[in-house]
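Asks: Okay, handing you the structure first.
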Amino acid sequence: MPGDLTAVEARLRRVADDVLDGLRAAGRLRAGATAPRLALPGPYAGLLAWALERERGEGGPEGLARAEVLEGTYGEWVPRLRVEQLATCEPTAEWLFHTPIDWARTPRLRAALGRLYALYAQCGVRAPEALGAGTLEGLLARRVTLGELFERTYFGGLMPMLYTWPGDLEAIAGELAAGADPWAVFDRRVTAPLVHELSHFDRGRDALLPPYADECVAGWVGVHAWPALCWPEPGDDGALFGAPWFAQVGQALARVVGVRALVRAHAGADRWDEVLPPGLREAMERLGRALYLRHREPHFLSGNTRPDPWLKLFFLAGGGVDVSGLGLEALEAWPWAEVPAGARAAMDHAMFADAVRSMALRPRRVGGTYRVTLAAPETPVTVDPLACRIWRPAEPDSPEPADPSYLLPPALAARLRERGVTRLRLRVAAAAAHV
């Protein structure tokens, strides 16, 4: 993509030293702290360059203000938080990031990483460089810290790890102050976000554009390896808020191209152009730019609670439809009944089960962070074959930005429509998340 990132890169070069100087002056610098190597991930660099060029080209106060927000977000605000969390001597951050992980006291993390390694082996890809070991046994033999693991991940050179932003660290500090076992807290709060970060694989891979698409693929890869990332065990609250919105899109792409092919291309072992249907990659980039222009949101994840354009695009391309001329409006208007459904597959039933158990998630905001548990929804769940959706109303006190909703696999939806079923109502128990 065209564009100029000079201003962003100039800010990045200054941020680390500025943060360290500020912490030193305030007496808050951790002994031996050094500045991490900051860098923009590939997808963000590509789309960010295009967005900056577009905003500056449009000119006027609004366009220039949006360009400044983009430059500030990726050149200063987010990386500043990243450097500070590694360099501060604040007790919670220092313990969380710089204490060698006690593998004997973090069984959840060991199990999750074991499942990640198993997925790598099944798909014939190497473990991400961030792990620093080709096998689980090799990793467990290392005295590695969370800071060392995350620093080499895809986003480790730009932003704080998921669920370790200031509000999250404050919540963790509260648990520790209340007397909780530190390694139990670490195991409960770090496992899901670290699995997600590792599911982005390495920085040098050929990641999908827009960043939303890459986020969805990583979201599903993490859930596929460690389901508790999305659906917590009974009594647990360590799942990631909003995970189903992204995972269902990545899962749909896996349904179209195959699980092994998706994981291998995502990891960089195979080329996306060899895996995706003709024209799909270019159509995805075009859709991402259209969504940015509609919403102008700097995180490049716009429309995550309205994923139908992406889902239709995948199944249309997978069904042999020429998607080279399809834009956002055309995808929104395209009836699901006219999207090629194809033959039913075993994965469709797994997707249906995932959709139903996603309806039993109960997120809540606790201070500056989120907690997700299981609870039977108070209202029935709607299965809508016409819209290829499974959904329910959000609970009145929920922080969810939209009614919980998940893809109803087109092949199953088509079968229901053939039988004259246009709507079903289900009562879902919390236990459904583990059926």
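Asks: Mind ranking 188-201, 330-343 by how tightly packed they are, going by the mean number of other C-beta atoms within 10 angstrom, highest first? Provide the component values of the computation, followed by the final result.
Replies: On the way: 188-201: 24.5, 330-343: 14.8.
Ranked by mean Cβ neighbours within 10 Å, highest first: 188-201, 330-343.
Asks: If you don't mind, another one. Among the DSSP beta bridges whose two residues both lie in the chain, what percent are antiparallel, rounded to the nearest 5?
Replies: Around 95 percent antiparallel, to the nearest 5.
Asks: Before rounding to the nearest 500, sum -39500 (n - 2.57) across all DSSP H runs of length at least 4 in the chain and divide by the residue total; then give [θ] at 222 nm in deg cm²/dmol.
Replies: Using -39500 (n - 2.57) per qualifying helix, the result is -16000 deg cm²/dmol.
Asks: Can you list the chymotrypsin sites (Phe, Trp or Tyr not before Pro) in the range 362-413 that are in a DSSP coil and have 15 or fewer other beta carbons within 10 angstrom?
Replies: Of the chymotrypsin sites (Phe, Trp or Tyr not before Pro), not one in the loops of the range 362-413 has a Cβ with at most 15 other Cβ atoms within 10 Å.
Asks: Cβ neighbours within 10 Å, averaged per peptide: list 16-23, 152-159 in order, most packed at the top. Working shown, then result.
Replies: On the way: 16-23: 16.8, 152-159: 21.2.
Result, highest mean first: 152-159, 16-23.
Asks: For the chain, find the longest principal axis of its Cα atoms and tell me its angle to the long axis of helix 78-87, 0 to 90°, nearest 10.
Replies: Between helix and principal axis, roughly 50 degrees.
Asks: As an exercise, identify the trypsin sites (Lys or Arg not before Pro) in the range 16-54 lying in DSSP coil whose Cβ has no more than 16 other Cβ atoms within 10 Å.
Replies: 28, 37
Asks: Next up: Could you work out the relative contact order of the range 222-276? I mean the mean sequence separation of Cα pairs under 8 Å and 6+ apart, divided by the number of residues, in percent.
Replies: Relative contact order for the range 222-276 comes out at 19 percent.
Asks: Another question, then. Using only Cα atoms and rounding to the nearest 10 degrees, what angle (0 to 90) does helix 166-177 make with the longest principal axis of the chain?
Replies: Computed tilt is about 70 degrees.
Asks: Pairing the Cα long axis of helix 182-198 with the longest principal axis of the chain, what angle in degrees results, from 0 to 90 and rounded to the nearest 10?
Replies: Helix 182-198 sits roughly 60 degrees off the main axis of the chain.
Asks: With a 1.4 Å probe and all protein chains in place, put 291, 64 in order of accessible area, largest first.
Replies: Heavy-atom accessible area, descending, gives 64, 291.
Asks: Express the relative contact order of the range 50-168 as a whole percentage, based on alpha carbon pairs under 8 Å and six or more residues apart in sequence.
Replies: RCO, the range 50-168: 28 percent.
Asks: Follow-up. If the viscosity is 0.692 mPa s and the temperature 37 °C, what Stokes-Einstein diffusion coefficient in µm²/s follows for the range 180-262 when Rh is the Kirkwood radius over Cα pairs?
Replies: Translational diffusion coefficient: 245 µm²/s.
Asks: Take each of the peptides 349-356, 101-108, 209-216, average the number of other beta-carbon atoms within 10 Å over its residues, and list them starting from the highest.
Replies: 209-216, 349-356, 101-108
Asks: Related question: Nearest 0.05, what FRET efficiency do residue 415 and residue 111 give at R0 = 51 Å with Cβ-Cβ as r?
Replies: The pair residue 415/residue 111 has a calculated efficiency of 0.90.
Asks: Report the residues of the range 39-58 in range of a label on residue 13: point 7 Å along Cα→C-beta, backbone N strictly under 15 Å from it.
Replies: Under cut-off, by backbone N: 39-40.
The values are calculated or read from the model by the stated rules, or taken from the named source; none is laboratory data. The shown structure was predicted, so the numbers you read here are calculated from the model rather than taken from an experiment. Because the Cβ atoms are built from the backbone with ideal geometry, glycine has one as well, and the counts that use them run over all protein chains shown. Remember, those area values only see protein heavy atoms, side chains included, never the ligands or the DNA or RNA. Shrake-Rupley method; radii C 1.70, N 1.55, O 1.52, S 1.80 Å.
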